[in-house]
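What follows is one structure encoded as structure tokens, with my remarks underneath.
The values are calculated or read from the model by the stated rules, or taken from the named source; none is laboratory data. Model, not experiment: these values are computed from the prediction. Because the Cβ atoms are built from the backbone with ideal geometry, glycine has one as well, and the counts that use them run over all protein chains shown. Accessible surface is based on the protein model in full, side chains and every heavy atom, while ligands, DNA and RNA are left aside. Shrake-Rupley method; radii C 1.70, N 1.55, O 1.52, S 1.80 Å.
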Amino acid sequence: MIDNAKKHIVKIVQESIGKIYSISDLPVSVERTRDEKFGDFSTNAAMMHAHKLKESPMSIGEKLCKDINKSLSKDLFIDKVELVKPGFINFYINKRFWIDVFREIALAKENYGRNNTGEGKKILVEFVGSNPTGPLNVVSARAASIGDSLCNILSFNGYDVKREFYVNDAGEQVTTFVRSLIARYKQIYNPDFKFPEDGYHGDYVKDMAKELDKIYKGKKSLLDKIDDDVWNRCRSFYLSKILGDQQRDVEDFGVKFDNWFREKTLHVEKINNAWIKLKKLGFTYPKDGALWFKSTEFGDDEDRVLVKKNGVPTYFLADIAYHLDKFNRGFDEAIDFMGPDHHAHIARLKMAMKALGIDEKWLDIFIVQQVNLMRSGEKIKMSKRAGKFETMRDLVSEVGKDAARFFFLMRTQSSHLDFDLDLAKEKSSKNPVYYIQYAHARICNILKHAEKEKIDTEKIDKVNTELINKPEEIELAKTLAGFEDICRVSAITYEPHRIAGYLLKLAGIFHNFYNKHRVVTENKELTNARLLIIMSTKIVLANGLELLGISAPEKMQNREKEWPNMILE
RNA sequence: GCGCCAGUAGCUCAGUUGGAUAGAGCAUCUGCCUUCUAAGCAGAGGGCCGGGGGUUCGAAUCCCUCCUGGCGUACCA
């Protein structure tokens, strides 16, 4: 809708330039204005082309305005054209154009905002991805929110999206964990048994050891000797346990992965294929008993090891193989979200992709930055190794799924986040997630009320929209019309937080409208027109919340009224 | 040392990719419930966009440089 308006204006301006300067197809950009006093749309064409046309911006603008004004009486869209200070040409759009959006939304319903920007491109989004060494933490929760929401947004914009979770179940940390588990097990019978220094200290390892003990009680096999069989049993016991927990954490958070990819499945064949490919291309060499990748040829400070002296492939090589596998699965694009400790790794992985001849644009990697949990204005310290850390599960049970997701989605993913636990728990207007949900619930309540009054909400597309003319109503229309744009932009920039910001703004504009104007009144015609307004607002709020993975409640629980102490005194 | 992220109101952050007088929320202050939910609304104050240079009609945004904070810089993952 807005796109059409822009195209319409571009055409007008270009035609005018053609008439006056005999130059055709000069690029003209039209943007929505930031402020109403500059009209609805604006073009900087006069300033952009001042140099080329060898004339001052104001002078060009004056001629263009004059010419455009001549044919304005025939234009149904545009009310007024104006030239302002440095050389902006501002267009004022007829209110009827904006009001049409209500009907458009009411008809499109849950598909309003959906578009085909992605053109069905197959895209794989990898996020959360963890070491199976403990419960998922708050950074994982942040990644889950962002990744999942981005996937929603991408499919809304016409991409064919798959969600993937990468399980690092083949590295050193798995060995360390098994050692920790066995040590805890032994400590049940022999408290003096030494716990490995680099082991995992969390209490959940002790709990796991107790469970293991239940299974093996009486056999004592674990206490006597640790052979391969015992080792593997411990390994698979703990992996299925931890992965089960992680899977549940993520599902309870409302995220469904299409695929849980196990690193183990890359060993040995796919990893071998990856390095053989690199070798054939001449990017590897042996040194000191290890196999190296010539990353310096791609700007790295030093070359990196692919296969260690002991013959075990590095995480780096495994990840190359993993991404090669993604590529071979036929995705047009791949997006990774990684933790803040992966900086150096990301650059190298991209170098390896380049070495393999994969287009740089194929893979985008973003870092989900760290999260500081704040309570009463103080940072809560986190340390995974020391076993003291905030888990995703704890966070969600404390503040709820909706608040957690929204707080993670309010901010750009690349910046560090202070998560205010007190605010997230607060059930008041201070809490932005309630603010938006409340707007939705309020609308639902009015609609319910309208039903009671026996006002027909079914034939709403026949309402008399001529009655819509209050500034708050027009502002609502303009804001609702911007939803498509926001959806598109947040998809192409991979930035879900734009949706969150938009919904906050929309909720505010609605609350303002609500306070100024009654919807259900004696005037049936007006009531119908206003019902149309709130119905379309509800649709956009619901669609936006859906993209964020946050519920759109029909009603909010009434907060108890606080009686002022004054009365009692 | 090098690399990445950041530096915008007292606090936490936006800023539609270079536009016009830089915006929200929290906190502070002032008003508004006999009404479709006050979990709401209206209004006020609060700024050297870290500093300095450059690019141009125009810079919070792009380039250079310096300062400050966080993280990374393994034959760990």
Ratio of Rg to Rh over segment A:172-230 (Cα coordinates, Kirkwood Rh, two decimals): 0.93
Contour excess over end-to-end distance, with Cα ends at A:GLU398 and A:SER29 and 0.36 nm allotted per residue: 128.0 nm
Among the listed pairs A:LYS326/A:LYS354; A:LYS95/A:LYS470; A:LYS85/A:LYS470; A:LYS122/A:LYS162, those beyond 18 Å (Cα-Cα): A:LYS85/A:LYS470
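Which value at 222 nm does chain A reach when only helices count, each DSSP H run of 4 or more adding -39,500 (n - 2.57), with the total divided by all residues and rounded to the nearest 500 deg cm²/dmol?
-16000 deg cm²/dmol
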Taking chain A and dividing mean pair separation by its residue count, relative contact order in percent (alpha carbons under 8 Å, at least six apart): 16
Contour minus Cα-Cα distance for A:THR265 and A:ILE455 (0.36 nm per residue): 62.3 nm
Residue order for A:GLU546, A:GLU302, A:GLU390 - accessible surface, 1.4 angstrom probe, largest first: A:GLU546, A:GLU302, A:GLU390
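Among the trypsin sites (Lys or Arg not before Pro) within segment A:333-423, which fall in a DSSP loop and have no more than 15 other Cβ atoms within 10 Å of their own Cβ?
Taking segment A:333-423 and a limit of 15 other Cβ atoms within 10 Å, the loop trypsin sites (Lys or Arg not before Pro) found are A:LYS381, A:LYS384, A:ARG385.
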Set of lysines near A:LYS194 by C-alpha distance (under 25 Å), chain-local residues within fewer than 8 positions excluded: A:LYS186, A:LYS206, A:LYS210, A:LYS214, A:LYS217, A:LYS219, A:LYS220, A:LYS225, A:LYS241, A:LYS384, A:LYS388
Loop GluC sites (Glu not before Pro), segment A:35-138, which have at most 10 other Cβ atoms in a 10 Å radius of their Cβ (DSSP): A:GLU119
Potential lengthening between A:ASP227 and A:GLN369 on full extension [0.36 nm per residue; Cα-Cα distance subtracted]: 47.0 nm
C-alpha center-to-center spacing [segment A:293-366, segment A:459-503] in angstrom: 41
Rounded to 10°, Cα long-axis angle of helix A:315-328 versus longest principal axis of chain A: 50
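Please work out the Kirkwood hydrodynamic radius for chain A, using every pair of different C-alpha atoms, and report it in angstroms with one decimal place.
In chain A this quantity evaluates to 28.0 Å.
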Per-residue SASA entry for A:HIS201, accessible area with 1.4 Å probe, Å² rounded to 10: 70
